[in-house]
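Encoded as structure tokens, the structure appears first; notes follow it.
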Amino acid sequence: MRRLPRRVAAPVTAVTLCLTLGLGAVPALGDPGGGSGGPGAYPSQDQVDRARAQARRKAQDVGAIKAQLLLANQRLEQAATRAEQASEAYNGAMWRLQQAKEQLRQARRDAARSQRTVARQRERIARLVAQSYQQGGDLNNLHAMLGADGPEGVLDQFVAFQGVSSSMDADYQRFAAAESLAEVFRRKAKHAETQRRQMADEAREAQQRAQAAAEAAQAEAGRIAAEKDQLIRELASAQHISVSLARQRQTALEEIARQRAEARARREAIAAAKAKAAAEANARAEAAARREA
């Protein structure tokens, strides 16, 4: 009996199995007719494209929402910065006002002290002139001159008609110097008063600006809080997660950003301090080198 040649058995494929079981042909990949949605059915190319487009749209939506949240945080930070700057400006204006008040008090003390010195010098001259007139017996003329021109006029006339001793001349010179100094202090006190009024006006304006900035920042914070709440809800919907989880994630991200900003600010402050110290050291070294040269 003739033996038939042995053949390698063909592997059992899906097509063979389907034909054997009478199930018909398997739809080709990408065949629009095969997207019946049954178990094991392959998605069509159109379905794949639509799924990819939908995924891209969702990713874009998530990215857009995150960008809006970032902008909202930036607006909140800017409002807080404006309020802080206005508050610092007000504090600076108040400090300048206190300085102006102290300068005014000192100027007034100096003016009062110099005025007392002038008064003492005037009284001394008046006594000397009165004593000279008493010795000369012309008191009526003295009273008339005192009432009309004061001690300065009396001394001028006395010198013109009778001469004056060197000691009286020295007293008069001291009186004139004291009067000139008192006038300087009076002008200084007047200028200090003008400065105080100006600083007071600036302080009031700075206070108004600080209050307006604080109120604006508070109102902006309320608007941004409502906006962020809506954005977080949209983000939760786009990511198919709960609002609570989305809020927790956003809070964590903002905390991380805050810590990074603080760390960056510390590094910049340290770098600035080092640069300043180095510049001061170089300046001292150059000054020392010039002195030695």
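Overview of results
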{"item": "Peptides ranked, highest mean first, by Cβ atoms within 10 Å: ranges 274-280, 79-85, 217-223", "result": "79-85, 217-223, 274-280"}
{"item": "Solvent-accessible area per residue for the stretch 161-293 (1.4 angstrom probe, square angstrom)", "result": "71"}
{"item": "Length gained when the stretch Arg109-Ala225 is fully extended (0.36 nm per residue, less Cα-Cα span)", "result": "36.2 nm"}
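The values are calculated or read from the model by the stated rules, or taken from the named source; none is laboratory data. Predicted, not measured: the structure shown is a model, and the values here were computed from it. Reconstructed Cβ throughout: ideal geometry from the backbone, glycine too, with neighbour counts over all protein chains shown. To get the accessible areas, we keep the full protein, side chains included, count just its heavy atoms, and leave off ligands, DNA and RNA. Shrake-Rupley method; radii C 1.70, N 1.55, O 1.52, S 1.80 Å.
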